[in-house]
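Student: I am attaching a structure below and will ask some questions about it afterwards.
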Amino acid sequence: MTILIPQPELSEGHIDDYDAKELVLDGGFVVPNKTEAFDAPVINSFGNSFRDYNAESERQKTVEEFYRQQHINQSYDYVMKMREEYGKLDKAVMSIWECCELLNDVVDDSDPDLDEPQIQHLLQSAEAIRKDYPNEDWLHLTALIHDLGKVLLLPQFGQLPQWAVVGDTFPLGCAFDESNVHHKYFTDNPDFKNPAYSTKNGIYKEGCGLDNVVISWGHDDYMYLVAKENGTTLPHAALFIIRYHSLYPLHKAGAYKHLMNKEDEEDLKWLNIFNKYDLYSKSKVLVDVDEVKPYYQSLIKKYFTEKLRW
């Protein structure tokens with residue numbers, strides 16, 4: 001899909017000088033003109049198109065079964081219960097980098113494009129953004145930490161099932177939009193037949209703002225809570241990216257935009273930029289962790305306290 005969107009204001013030192021009417025990729029990112037800029041590949045490491053949930057691959061069956069379980073179990077009541085439990089932030093006290101290292105033990109079963117440890121995905125995304133946006137250090141750090149909530153899969157954090165941690169997210173309390181991946185499995189969700197949740201707006205008002213919308217529980221919302229409650233100085237757009245980067249029905253298909261407010265619309269511009277790097281930087285070419293570690297540790301020190309409650 002090829003679309004044109006209004007572009008966010010960027011710092012004067014941004015690497016690209018582009019025309020506002022340039023061709024943009026799926027997700028709203030302007031194609032860099034610089035030869036040294038990050039070049040989005042056409043296929044993933046399994047030889048399929050990115051986010052192709054119907055492609056026959058060794059991971060396809062695992063991914064579909066994941067979404068079947070997620071769509072059945074992620075209900076409005078379940079999410080409220082999990083936000084109350086994990087909002088206590090009583091599972092651990094550690095630094096951002098310590099959490100990054102924990103992700104060496106995590107592989108995301110919902111992702112048809114990646115079977116490498118998650119720390120590599122974080123660094124691949126961050127390094128790709130760093131190349132194209134060298135002066136937006138907050139965006140580099142956002143890429144590094146956006147998936148840290150996947151530690152919920154580990155025993156120390158409750159060892160939640162994959163369907164409660166990863167995968168595309170979606171609003172609860174209103175009708176399930178058909179753009180959701182494997183939409184057919186929502187018919188067994190307890191919310192599906194609830195009249196209060198069966199309309200387009202459901203329990204919400206148009207333009208209410210995404211902060212007032214209950215989103216399926218997972219690593220996105222958990223990391224948002226960790227960053228916010230620990231007093232990060234990252235800009236609001238960074239928190240928006242962390243919380244909604246898996247809300248693909250919104251930023252890929254345009255679903256649920258009727259629930260957004262003006263602030264959401266501004267932050268979405270940055271999420272559309274981030275989306276390219278989150279999706280297309282997944283690769284079998286691994287980042288040298290020791291080489292880049294000092295740079296990211298300096299950003300962590302700039303935007304976070306040394307130890308955080310998780």
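The values are calculated or read from the model by the stated rules, or taken from the named source; none is laboratory data. Quick caveat, the model's predicted, so the values are computed rather than measured. Positions of Cβ are backbone-derived with ideal geometry, glycine not excepted, and every protein chain shown enters the neighbour counts. When the accessible area is computed, the model is the full protein with side chains, heavy atoms only, and any ligands, DNA or RNA have been set aside. Shrake-Rupley method; radii C 1.70, N 1.55, O 1.52, S 1.80 Å.
Student: Pick out the one residue from ASP168, ASP188, ASP137, ASP177 that is farther than 20 Å from HIS251 by Cβ, among the acidic types (Asp, Glu) and within 21 Å of the chain's Cα centre (by Cα).
Tutor: Only one candidate qualifies: ASP137.
Student: Only one of LYS262, LYS284, LYS301, LYS269 is open to solvent by 30 Å² or more (accessible area, probe 1.4 Å) and at pLDDT below 95; which?
Tutor: LYS284
Student: Can you name the condition, by its number, that ALA255 falls short on among (1) under 24 Å from LEU153 (Cα atoms); (2) open to solvent by less than 50 Å² (accessible area, probe 1.4 Å)?
Tutor: Result: ALA255 fails condition (1) only.
Student: Of everything in segment 190-213, what is buried (at least 18 other Cβ atoms within 10 Å of the Cβ) and within 30 Å of LEU103 (Cα to Cα)? Give them in sequence order.
Tutor: Hits for segment 190-213 are LEU210, VAL213.
Student: Shifting gears a bit: Kindly provide the set of residues from segment 227-243 that are open to solvent by 20 Å² or more (accessible area, probe 1.4 Å), farther than 22 Å from LEU102 by Cα and outside any loop (DSSP other than H, G, I, E, B), ordered by number.
Tutor: HIS236
Student: Continuing with the same structure: Restricting to segment 182-226, give me the number of residues that are β-branched (Val, Ile, Thr), under 21 Å from HIS236 (Cβ atoms) and outside any helix (DSSP H, G or I).
Tutor: 3
Student: Here's another thing I want to ask about it. Does at least one position in segment 243-258 carry a residue that is over 17 Å from the mean Cα position of the chain (by Cα) and not basic (Lys, Arg)?
Tutor: yes
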